1. Around PHE220, what is the net charge, scoring Lys/Arg as +1 and Asp/Glu as -1 over all other residues with Cβ under 9 Å from its Cβ?
2. Let's see if you can work this out: charge +1 on each Lys and Arg Cβ, -1 on each Asp and Glu Cβ, no other charges. What is the dipole magnitude of the chain about its Cα centre, in debye to the nearest 20?
3. Arranged by the count of other C-beta atoms within 10 angstrom, fewest first, what order do ARG152, ARG86 take?
4. Positive end of the charge dipole of region 76-172 (Lys, Arg +1 and Asp, Glu -1 on Cβ, about the Cα centre): tell me which of GLN85, ALA167, ILE150 has its Cα farthest that way.
5. Cα atoms only, region 140-187: Rg and Dmax in Å?
6. Run lengths n ≥ 4 of DSSP H only: what is the helix-derived mean residue ellipticity at 222 nm for the chain, with -39500 (n - 2.57) per run over all residues, to the nearest 500?
7. What does the charge add up to near LEU202, with Lys and Arg as +1, Asp and Glu as -1, over the other residues with Cβ less than 15 Å from its Cβ?
8. Within the chain, count lysine pairs with alpha carbon atoms under 24 angstrom apart where the residues are 8 or more positions apart or belong to different chains.
Amino acid sequence: MSNAPCRTTRDSAISTKIYLGLIAFMVAVKVVFLLFPTVFPGADQEGAFSWTTILAIAVMGFIGLLLSRRTGFPEIWDSNVSNRQRFLIPAAIGIVYGLVTIIIDLRNPSPVHLKLPLSIPFYTYGALLLEIMLRLFTIPLLVWLFSNLILRGRWQTKVFWLAAIIAALYEPLPHMREQLNGVSGVAVFFVFIKWAIEPLFLANVLTGWLFRKYGFLAAFIMRLSFYLVWHIIYGGLISTAR
């Protein structure tokens with residue numbers, strides 16, 4: 001995937017400002033939860049709002065931003081990417097993914113949602129944190145390390161897809177470990193096949209493709225749209241019903 005987009009200094013400058021604005025938003029959400037303490041749905045989620053985590057994510061994202069420019073990814077605000085590609089297409093995909101997740105969940109609703117109205121800043125923050133870590137940082141880093149550095153610019157498409165798959169495994173991995181515990185032989189193979197066709201894994205791979213094709217905002221908007229449908233609207237309704 002060597003067809004690097006035509007980048008302008010203006011695109012880069014605007015993209016850097018947008019990135020700093022997104023980090024400022026994360027800081028603002030941290031302050032909101034300092035003012036309005038709450039119990040998070042997951043025991044490990046409180047650590048995601050620590051100052052250390054915000055600093056680490058900010059640094060990782062900035063490194064990823066620089067490396068994405070060396071590895072042919074579009075800018076966060078790229079003049080070659082239309083708003084339809086940047087916002088509309090990812091939002092539509094995220095909404096469909098959210099509806100699929102709801103249909104699967106209806107059989108046995110999961111109590112994993114934070115109640116409104118704090119769910120709005122909570123899940124927006126979470127979408128931003130995960131996309132910076134998994135897409136903006138991890139994928140360009142792996143592409144730069146293996147394709148640009150080790151392979152001297154070769155096999156960039158193959159390395160990108162491998163990096164996208166690695167990043168996509170982050171969320172399903174804990175579930176896969178549970179299912180692999182105590183199984184052996186051909187059963188291991190079937191666990192991997194099962195997760196390879198799960199919406200969670202496939203959606204994450206698709207998010208990586210959106211990042212490569214249309215830039216970071218496309219990946220972020222897809223996850224945010226998914227969270228809007230799954231966590232904020234549906235989660236808000238079932239949380240109120242309890």
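1. Working: positive: ARG135, ARG223; negative: GLU131.
After counting each charged neighbour, the total is +1.
2. Numbers: 20 positive and 10 negative charges, 130 e Å.
Rounded to the nearest 20 debye, it is 620 debye.
3. Numbers: ARG152 8, ARG86 22.
Taking fewest neighbouring Cβ atoms as first place, the list is ARG152, ARG86.
4. Sorting the options by dipole projection puts first ILE150.
5. Using the Cα atoms of region 140-187, the pair Rg, Dmax is 14.9, 42 Å.
6. Working: 11 runs with 148 residues, N = 242.
Value at 222 nm, helices only: -19500 deg cm²/dmol.
7. Details: positive: LYS194, ARG223; negative: GLU171, GLU198.
Every neighbour counted, the sum reads 0.
8. Working: LYS17/LYS30; LYS17/LYS213; LYS30/LYS115; LYS158/LYS194; LYS158/LYS213.
Summing the qualifying lysine pairs gives 5.
Read-outs: derived from the displayed coordinates by stated rules, not from any lab. Note that this is a predicted model, so its numbers are computed, not measured. As a convention, Cβ positions derive from the backbone with ideal geometry for all residues, glycine included, and neighbour counts pool all protein chains shown.
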